Amino acid sequence: MIPPAMRALILAHYERSAPYLVESFPLAPVVPTYYPLGLGQHATYGGSWHHAIPHTVHSVDVGDPADPRHYIALSPNALLWLVHRDAVGFESWTPSPRNPERVGYARICLKPRGRATQEQLALAMVVLRAVLLERGVEAIPALNGVDGATLFIPFCDDPTYEAVRTWLHEIADDAVARNVLLLSTDVHDHSSPRIHVDVSSNAVGHESTLPYALIGTVELAMVTPIRWDELGHVRNGQFHASNSAERLAQGTIFAQSAAPLAQQRFSDVRRAG
C-alpha cells in the first residue's frame, strides 16, 4: 500500500541513518513497524521473529534460555533487510549491548494530551531534565516526529528494568507534584491540556521508537535527536524521509550527546537517593 517512490525514500533514509542507529544501539533487539493499509494508517508490529533469516542478519535471544524469544539484532544489514520486507520504522526497549534484559538507556516518553501545545512539551522536557539533574543524571532529548518527545537516559552499569522503572516512577511523580498544571501520569485523562509522562515502556519487550527511525506519517517523519540548546528551534516533524539527509549531515547528534555521559551509572543515582 506504500507507493514505490515512498519505498525508495525509506530505503535511502536507512542507507544513510543505519550507521547512526547501530553506533548508539549495537545489537539491540529491534521490532519493525509496518503500515499495511498505507502511511497515516494504523501500524502493525513485528515482535519476536519466527522465520528463517539470512546469514548476514543475526538474532538476539530474550527470556527463558530453554524457550527463548528471538528478535532481530540491530545492524545495518538487518535494517536494510527488514526495509526490503516493507518495514517503515524500528522500535526497541534499548537494553545494554551486553545483556538484552538489562537497561542501556532508560526512557521517559512525553505526549501532549487535550490541547496541550508544543510550547508545553518543550517546558515539560525542561522540567523533567531539571528533576533528573538534581539527581546527577543527564538525558538526551529526541522529538518523536509528530507531537511528543522522549528523554533517553544512558546507564553504563546494566541495571535491571524493574529497578530503573521504579526509580523513573519516582522521577515522574516528583515532576508532576511540582507541576500539576503542566504534567500528568494519569493514563485515563486524554482531555486535560497537559503533557502525559509515561515510563511504562521501560521493560523487556515493551519498546518505543528509536532515534533516527521513521514513523508512518504521510510525510515519513524522522524521530529527531536534538541538542538541548535546539529545544524550541527544531520542530516536531521538521525532518522526514525527503530531507533527513540535511539533518544527518550534521553528524550523529545522539551519539555526540551520549559520549560525555558514557560513565553515567544507575548505582550512583541510587546511592545518592
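Computed from the coordinates by the stated procedures, all read-outs in this text should not be read as laboratory data. Treat the numbers as computed from the prediction; the structure is a model and nothing was measured. Cβ: placed from backbone, ideal geometry, glycine included. Neighbour counts: every protein chain shown.
When residue 75 is tested against the conditions (1) touching a helix residue (DSSP H, G or I) at 6+ places or on another chain (Cβ under 9 Å); (2) over 30 Å from residue 190 (Cβ atoms); (3) in contact (Cβ under 8 Å) with a residue 60 or more places away in the chain; (4) of a type in the set (Gly, Ala, Ser), the lone failure is (3).
Picking from residues in segment 89-128 that are of a type in the set (A, V, I, L, M) and in a strand (DSSP E or B), the one that is nearest to residue 143 (Cα to Cα) is 110. With respect to residue 86, is the statement that it is charged (D, E, K, R), in a loop (DSSP other than H, G, I, E, B) and under 27 Å from residue 6 (Cα atoms) true? It is true that residue 86 is charged (D, E, K, R), in a loop (DSSP other than H, G, I, E, B) and under 27 Å from residue 6 (Cα atoms). Taking first residues from segment 201-229 that are more than 20 Å from residue 26 (Cα to Cα) and partners that are of a type in the set (Lys, Arg) and surrounded by 18 or more Cβ atoms within 10 Å (Cβ to Cβ), the Cβ contacts under 9 Å between residues at least 6 apart in sequence or on separate chains come to 228/129.
Each residue in segment 153-167 was checked for being within 19 Å of residue 185 (Cβ to Cβ), under 16 Å from the mean Cα position of the chain (by Cα) and not hydrophobic (A, V, I, L, M, F, W, C), and 2 of them qualify. For the residues 85, 69, 102, the requirement of being farther than 30 Å from residue 192 by Cβ, crowded, with 16+ Cβ neighbours inside 10 Å, among the basic types (Lys, Arg) and more than 20 Å from the chain's Cα centre (by Cα) singles out 69. For residue 12, the test of being under 16 Å from residue 220 (Cα atoms) and not in a loop (DSSP other than H, G, I, E, B) is passed. Within segment 220-257, the set of residues being in a helix (DSSP H, G or I), crowded, with 20+ Cβ neighbours inside 10 Å and touching a helix residue (DSSP H, G or I) at 6+ places or on another chain (Cβ under 7 Å) comprises 244, 254.
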